[in-house]
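S.K.: Before anything else, here's the structure in question.
Every number here is computed from the coordinates shown, using simple stated rules; none is lab data. Because the structure is predicted, anything quoted here is derived from the model rather than measured. A quick note on method: Cβ atoms are made from the backbone with ideal geometry, for glycine too, and the neighbour counts reach across all protein chains shown.
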Amino acid sequence: MKLFLIHAGFYDNDVSSGFYESHTNYFVVADNIKSAKSKARSIKEFKDKKMHIDGIMEVNEVDGYSVNLKSINNENDLSGSFKKYSYDEVKKIN
C-alpha cells in the first residue's frame, strides 16, 4: 500500500458567489494511482462539493524519512487518529 496526497479543487457558491476556486487536500492509502483516484472520488465531501482532482502526489518520503504504512484496523473509529493544533495553539509555539 502507498500513501497518496490528493489536491482537490472546487467552487463554493457560499464563498464569493463561487467565483474563486477553493482547494483542499486528502490523504488516501491505495495500491496504485488509479485506486487512489477512485478512493478520493468516493469521499462524501468530495462528491457533495462536486470537486475535481488538480493533482496527485505519491508520498514515499518526507524530510529524509521514508513513509511506511502499517494497518491498525480502526477504519470506523477515527477519534484518536489525528492530533490537531488550533490557530491559537500554534501561535503560542516559540
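S.K.: What does the charge add up to near Asp31, with Lys and Arg as +1, Asp and Glu as -1, over the other residues with Cβ less than 11 Å from its Cβ? Walk me through the intermediate numbers first.
M.R.: Details: positive: Lys2, Lys34, Lys39; negative: none.
Charge balance near Asp31 sits at +3.
S.K.: Quick check: net charge around Tyr85, other residues with Cβ under 13 Å of its Cβ, Lys/Arg +1 and Asp/Glu -1?
M.R.: Numbers: positive: Lys83, Lys84, Lys91, Lys92; negative: Asp88, Glu89.
Spelling it out: positives minus negatives among the neighbours equals +2.
S.K.: Stokes-Einstein D for the stretch 2-70 at 37 °C, 0.692 mPa s, Kirkwood Rh over Cα pairs, in µm²/s? Walk me through the intermediate numbers first.
M.R.: Working: Rh = 13.0 Å.
Rounded, D is 253 µm²/s.
S.K.: Taking H as built 1.01 Å from N, whose amide H comes closer than 5 Å to the amide H of Ile43, not counting residues under 5 places away?
M.R.: Amide H to amide H, under 5 Å and 5 or more residues apart or across chains, Ile43 pairs with nothing.
S.K.: Just how large is the dipole of the chain about the Cα centre, in debye to the nearest 20, putting +1 at every Lys and Arg Cβ and -1 at every Asp and Glu Cβ? Walk me through the intermediate numbers first.
M.R.: Numbers: 14 positive and 14 negative charges, 43 e Å.
It comes to approximately 200 debye.
S.K.: Quote the charge dipole size of the stretch 1-46 about the Cα centre in Debye, to the nearest 20; the model charges only the Cβ of Lys and Arg (+1) and of Asp and Glu (-1). Mind dumping the intermediate values first?
M.R.: On the way: 6 positive and 5 negative charges, 76 e Å.
Roughly 360 debye, rounded to the nearest 20.
S.K.: Less than 12 Å Cβ to Cβ from Val15, Lys/Arg counted +1 and Asp/Glu -1: what total charge do the surrounding residues give? Kindly include the intermediate steps, with their values, before the conclusion.
M.R.: Numbers: positive: Lys49; negative: Asp12, Asp14, Glu21.
With Lys, Arg at +1 and Asp, Glu at -1, the net is -2.
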